[in-house]
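Each reported figure results from applying straightforward, stated rules to the coordinates on display, with no laboratory input. Everything quoted here is computed from the prediction, not taken from an experiment. All Cβ positions, even for glycine, are placed from backbone atoms using ideal geometry, and neighbour counts span all protein chains on display.
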Amino acid sequence: MNFVDDNVELREVQKLEGHTDRVWGLAWNPATGSAGIPAVLASCSGDKTVRIWQQNPSNGPFQCTAVLEETHTRTVRSCAWSPSGKLLATASFDATTAIWEHSGGDFDCVSTLEGHENEVKSVSWNASGSLLATCGRDKSVWIWEVLPGNEFECVSVLQGHAQDVKMVQWHPTVDVLFSCSYDNTVKVWAEDGDSDDWHCVQTLSESNNGHSSTVWALSFNATGDKMVTSSDDLTIKIWGADIIRMQSGEGNTPWEKEVTVASLKPFCFSRRHLCTLAGYHDRTIFSVHWSREGVIASGAADDAVRLFVESEESKVICIPPFSGSVLALVAEDDDLRW
Amino acid sequence: MTLGLINANPVVHAKKERIARTDDLHCDDNVDPLDIYDILLFAIVVAFDLGVGCIHFVRDIRDPEHPYSLEQLSVLSEESITVDEKLGRILITFTPTIQHCSMATVIGLCLRVKLKDCFPPHFKVDIKVAPGSHADEESVNKQLNDKERVAAALENPNLRQLVDECLYSNEL
């Protein structure tokens, strides 16, 4: 689809009602929505519940098929499906993260992750589903290992942000974790090949073309070589990979040496600012998400949703309206997901 | 009722004669700053420590017969409220009584709660301390305008109780 030339539009397909308080987040189940499997969406709310919606039949309306309740005691802020689609993690202001598994039509809470001192704001699964990350107002980022039998073990508590951490996202292909914060920075965390210690390998701050206020969201393109961030500073920033290549072989230069993929990891995914999109929203941009087809959607407190694609000529991005993939939007200027 | 008190810093003003408005401004799309002011006028009640010049929680009142409104303490005035009807924006600026007022964020939260359902849904409300009026101005403003922080704070039972006491102690 040529987003630039075709006259395409964003059209509301359905309004899902049921939650009794503000809806804070949503997530598409990755194992659904294609090959004849009806799409499944999870939404989480200030009413302390999570609702599961299923498109039934495959091109029909969405219906609520389950309500996950009586577990969280405060707002459920964010939810994320495991890559297999079998587990759902929900992060809550009650300082816990719950893991739900569905059997038949029902969802059971199979584990509760405790440890954060206060509100948990975001949860993210890595590409293989072997690791989970959470973050919160206690300024920390926690990494959990997924063990057999729905057991979860904390493998690292990452300190470094100076303030409330708003979101965590794993890179789509490599086990490198990104976090963004009320301290206006984005941090990149990787595991040291030798010691299995996680540490911060890069901080994107105002001094390296980063944001000047709270960074609310970050998202990767399908291949992970680009990243987009959105902020209270009213801008959206695009970041590219700053891959340092190290070559093997007999060179005379002392710094050339053979490296394994594992030790290359911490250096591989440094980010470099590519461009800043300013002037498209005039209030806090709470959410930004990059679709598999390469369209960036942003949602802001000015009640606007904007769509961006990269034009061929240059790095400057243009904005068409469009239709096609299904975009789920949450009311009250918050979350959006392709 | 507060005449004759010594150490007026800031000065405590007599209450103006105003009629308390009902909370619902939904009926018309015209949002008049003076209407907002009337809502806030009697809404928030605090105690005032004359010695320090600082606002205290109502529960700390030494003299329960003398609760103060924010207008009396010049924390709010008619000029505190600006409305841009075209954009649907409302800005409330309030002036803490001293530079290091520890109640600044609580007052801001009270304002948010009081105004929560007062406007047509497309109106956006920003709450800030008056420029130069507080030592932690940037930090207070950032917290008061971070909707996630505000929502979480209001779920905190201790904080919620304080806010409710400030909001509903008019009967004192």
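From the phi of every residue in the stretch A:172-186, what ³J(HN,Hα) in whole Hz does the Karplus formula 6.51 cos²θ - 1.76 cosθ + 1.60 yield, where θ is phi - 60° and glycine or proline is x?
Per-residue couplings from phi come out as x, 10, 10, 7, 10, 10, 10, 9, 10, 9, 5, 7, 6, 10, 10 Hz.
Amide H of A:L277 versus every other amide H placed in the peptide plane: which residues, excluding those fewer than 5 positions away on the same chain, fall under 5 Å?
Amide H neighbours of A:L277: A:I236, A:K237, A:I238.
If I take R0 = 25 Å and measure r between the Cβ atoms of B:T82 and B:D117 in this structure, what FRET efficiency does the formula 1/(1 + (r/R0)^6) give, to the nearest 0.05?
Once rounded, the FRET efficiency stands at 0.80.
Compute the distance in nm between two label points, each set 7 Å from the Cα along the Cα-to-Cβ direction, one at A:K86 and one at A:A162.
Result for the modelled spin labels: 4.4 nm.
I'd like the distance between the alpha-carbon centres of the stretch A:269-307 and the stretch A:59-94, rounded to an integer number of Å.
Between the Cα centres of the stretch A:269-307 and the stretch A:59-94 lies a distance of 25 Å.
Using label points projected 7 Å from each Cα along Cα→Cβ, tell me how many nm separate A:I37 and A:S103, to one decimal.
Using points 7 Å along Cα→Cβ, the separation is 2.0 nm.
Under 5 Å between amide hydrogens, which residues at least 5 positions from A:S45 or on another chain qualify, with H placed 1.01 Å from N in the peptide plane?
For A:S45, the qualifying residues are A:W24, A:V76.
Taking only C-alpha pairs under 8 Å that are 6+ residues apart, what is the relative contact order of the stretch A:105-145 in percent?
32 percent
Hey, what did the stretch A:1-146 get for relative contact order, percent, Cα under 8 Å, at least 6 apart?
It rounds to 15 percent for the stretch A:1-146.
Pairs to check: A:K15/A:K86; B:K114/B:K147; A:K187/B:K128. Give those whose C-alpha atoms are more than 22 Å from each other in this structure.
In this structure, A:K15/A:K86; A:K187/B:K128 exceed 22 Å between Cα atoms.
Under a crude label model (7 Å from the Cα following the beta-carbon direction), how far is B:D164 from A:C154 in nanometres?
Here the answer is 3.1 nm between the modelled labels.
Once you keep just the Cα pairs under 8 angstrom separated by 6 or more residues, what percentage relative contact order results for the stretch B:60-172?
This gives 25 percent for the stretch B:60-172.
Work out how far the C-alpha atoms of the stretch A:100-233 reach from end to end along every principal axis, then list the three figures in whole Å, largest first.
Computed over the Cα atoms, the extents are 49, 33, 29 Å.
Quick one: Cα centre-to-centre distance for the stretch B:85-129 and the stretch A:186-204, in angstrom?
40 Å
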